[in-house]
Amino acid sequence: MDTKEILHKLVAFDTQIQHNTLEAVNWVRNYLQNFGVEVSLIYNQEKTRASLMAFIGDKNRPGCVFSGHLDTVPADETFYRGRPFELHYENGRYYGRGACDMKGPIAGFLAAVPELVKAGKSAVLLLTHDEEGGFQAINQVTADPDIVKFLQNQQNCIVMEPSDLKAVTAHKGTRLLEVSLFGRSGHSSRPSLCIDAVDAAVNSYCRLLGGFRKLAENYGANPAFIEPYSTATVGLFNGGEAINTVADRAVYTLLSRENPGDDFEKFFADVFMDYNSPARLEIKQKLYAYAFKSRCKPEFIESLNRGQQPQAVNFGTEAGFFEKIGLPTVVFGPGNIAQAHTKDEYISAAQLEKWTAMIPEI
């Protein structure tokens with residue numbers, strides 16, 4: 001099967017983050033096993049989703065790890081170039097949910113497998129199942145001591161996120177917090193009998209953002225990024241039931257983008273140590289992706305970049321998880337991140353074919 005045929009199959013599988021991925025995972029496993037490739041599946045607790053780890057060539061000879069994810073963000077049924085799970089070709093582009101992020105890059109790798117096998121090359125394919133939903137899968141993989149030991153013995157890792165075939169050697173970390181305040185409701189004419197959760201939420205919000213920004217300024221700017229400082233923003237803020245009722249609950253989300261080397265762990269652990277309010281405070285960390293700075297050797301980066309300058313980007317990937325366990329990693333793949341998660345998601349056919357041709361040379 002060529003790249004287009006494989007991409008057609010992958011896009012047809014509905015692997016939105018709210019659905020299971022097993023049908024797609026089993027198809028990839030069967031495809032690889034047709035070429036004698038050893039494949040292992042790593043299931044989630046509910047057995048509704050699975051990560052896939054495949055060993056091309058000699059498992060005991062170090063090679064390059066190619067990392068991707070089969071899950072996608074939710075699809076919009078108003079996708080105007082056809083249906084989201086039917087690959088559509090138009091003007092040199094393949095359209096479909098996941099075509100860019102990241103079923104296109106994965107299809108290119110799978111199309112190159114017969115040549116890798118024929119040439120006796122060693123490589124590892126690792127596909128996770130919930131990169132768009134919280135990074136539980138990559139956390140599960142990198143918490144397994146046997147897998148970690150194996151990965152640490154590999155030469156490099158390429159996270160196949162869309163980067164326009166330009167090496168990305170740094171990106172910010174991402175942390176999502178959900179902050180809830182619980183008070184006591186009542187009529188607004190007698191606020192002294194109530195505990196105002198919205199008021200408490202505003203106070204905690206100011207403390208969080210103020211403290212974060214002060215620490216970010218102390219760490220200083222990183223000129224590699226468009227936003228040079230670590231940043232934090234509140235995305236959702238909800239509370240209250242009526243204009244004449246004191247709110248008994250308020251909740252907001254805080255999303256941070258943290259520069260490599262900036263350590264906010266102690267800040268988030270201690271920021272409410274002296275919290276003094278009658279409203280009960282509850283903080284849940286919903287998502288955390290490590291900041292990333294590549295330790296790949298310059299000659300490996302240059303072999304991919306071919307004269308282009310490495311990039312630092314603001315979006316997050318699973319790259320930081322691999323670097324954390326000691327596997328030198330770079331983000332490199334076909335497609336433009338601007339097309340990821342969009343209604344009319346697409347990937348350039350020419351760039352995808354170029355990527356497929358590159359893989360046996362890596």
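Could you go through segment 346-361 and let me know if any residue there is modelled with pLDDT under 95 and touching a Phe, Trp or Tyr at 6+ places or on another chain (Cβ under 9 Å).
No - not one qualifying residue is present in segment 346-361.
For segment 21-56: of the residues being assigned to a loop (DSSP other than H, G, I, E, B), over 29 Å from Tyr95 (Cα atoms) and at pLDDT 95 or above, which is most open to solvent (accessible area, probe 1.4 Å)?
Step by step, filter segment 21-56, then rank; the result is Gly36.
Only one of these is more than 24 Å from Glu131 (Cα to Cα) and not acidic (Asp, Glu): Gly63, Gly68, Gly82. Name it.
Gly82
What are the residue pairs meeting all of these: first residue in segment 247-272, first residue under 10 Å from Lys172 (Cα atoms), second residue open to solvent by 70 Å² or more (accessible area, probe 1.4 Å) and not basic (Lys, Arg), Cβ atoms under 6 Å, and 6 or more apart or on different chains?
Going by the 6 Å Cβ cut-off, the qualifying pairs are Asp262/Tyr219.
Residue check: is Asn60 in a loop (DSSP other than H, G, I, E, B), at pLDDT below 95, more than 23 Å from Met1 (Cα to Cα) and touching a Ser or Thr at 6+ places or on another chain (Cβ under 7 Å)?
So Asn60 does not fit the description; no.
Inspect segment 72-83 for any residue being out of contact with any Lys or Arg (no Cβ under 8 Å at 6 or more places or on another chain), farther than 23 Å from Glu361 by Cβ, open to solvent by less than 20 Å² (accessible area, probe 1.4 Å) and of a type outside the set (A, V, I, L, M) and give the result as yes or no.
No, that holds for no residue.
Can you pull out the residues in segment 235-250 that are of a type in the set (A, V, I, L, M), closer than 16 Å to Leu209 by Cβ and open to solvent by 20 Å² or more (accessible area, probe 1.4 Å)?
Matches in segment 235-250: Leu236 only.
Report, by residue number, each residue of segment 197-236 that is farther than 14 Å from Leu281 by Cα, small (Gly, Ala, Ser) and touching a residue at least 24 places away in the same chain (Cβ under 8 Å).
Answer for segment 197-236, where residues must be farther than 14 Å from Leu281 by Cα, small (Gly, Ala, Ser) and touching a residue at least 24 places away in the same chain (Cβ under 8 Å): Gly211, Ala216, Ala224, Ser230, Ala232.
Taking segment 170-217 as the region of interest, how many residues are over 28 Å from the mean Cα position of the chain (by Cα) and either within 24 Å of Asn314 (Cα to Cα) or hydroxyl-bearing (Ser, Thr, Tyr) (or both)?
Residues that pass the stated criteria total 5.
Collect the residues in segment 203-228 that are in contact with a Pro (Cβ under 8 Å, 6 or more places away or on another chain) and among the aliphatic types (A, V, I, L, M), keeping them in residue-number order.
Ala221 - this is the single residue of segment 203-228 that is in contact with a Pro (Cβ under 8 Å, 6 or more places away or on another chain) and among the aliphatic types (A, V, I, L, M).
Count, please, the residues in segment 18-49 that happen to be touching a Ser or Thr at 6+ places or on another chain (Cβ under 7 Å) and touching a residue at least 60 places away in the same chain (Cβ under 8 Å).
Residues that pass the stated criteria total 3.
Tell me which residues, restricted to segment 325-359, are among the acidic types (Asp, Glu) and open to solvent by 10 Å² or more (accessible area, probe 1.4 Å).
Correct list: Asp344, Glu353.
Please verify whether segment 12-20 includes one or more residues that are open to solvent by less than 10 Å² (accessible area, probe 1.4 Å), farther than 25 Å from Ala357 by Cα and assigned to a loop (DSSP other than H, G, I, E, B).
Looking through segment 12-20, at least one residue is open to solvent by less than 10 Å² (accessible area, probe 1.4 Å), farther than 25 Å from Ala357 by Cα and assigned to a loop (DSSP other than H, G, I, E, B).
State the number of residues belonging to segment 186-212 that are open to solvent by 50 Å² or more (accessible area, probe 1.4 Å) and closer than 18 Å to Phe237 by Cα.
Of the residues in that region, 7 qualify.
Can you tell me which residue is least open to solvent (accessible area, probe 1.4 Å) among those in segment 304-324 that are more than 17 Å from Glu131 (Cβ to Cβ) and among the aliphatic types (A, V, I, L, M)?
Leu304
Taking segment 18-48 as the region of interest, how many residues are out of contact with any strand residue (DSSP E or B) (no Cβ under 7 Å at 6 or more places or on another chain) and either of a type in the set (Ser, Thr, Tyr) or closer than 20 Å to Met102 by Cα (or both)?
10
Counting only residues that are of a type in the set (Phe, Trp, Tyr) and in contact with a helix residue (DSSP H, G or I) (Cβ under 6 Å, 6 or more places away or on another chain), which one in segment 262-303 is least open to solvent (accessible area, probe 1.4 Å)?
Across segment 262-303, the extreme among qualifying residues is Phe292.
Which of (1) under 22 Å from Met358 (Cβ atoms); (2) open to solvent by 50 Å² or more (accessible area, probe 1.4 Å) does Pro162 not meet, given it meets every other one?
Failed condition: (2).
Please tell me if Thr317 is within 15 Å of the chain's Cα centre (by Cα) and at negative phi.
In short, yes.
Given the structure, is Ser180 open to solvent by 50 Å² or more (accessible area, probe 1.4 Å), over 24 Å from Gly326 (Cα atoms), modelled with pLDDT of 95 or more and small (Gly, Ala, Ser)?
No: the conditions fail for Ser180.
The values are calculated or read from the model by the stated rules, or taken from the named source; none is laboratory data. No experiment lies behind these values; they were computed from the predicted model shown. Because the Cβ atoms are built from the backbone with ideal geometry, glycine has one as well, and the counts that use them run over all protein chains shown. Ligands, DNA and RNA are stripped out before the accessible areas are found, and what is left, the full protein with its side chains, is counted by its heavy atoms. Shrake-Rupley method; radii C 1.70, N 1.55, O 1.52, S 1.80 Å.
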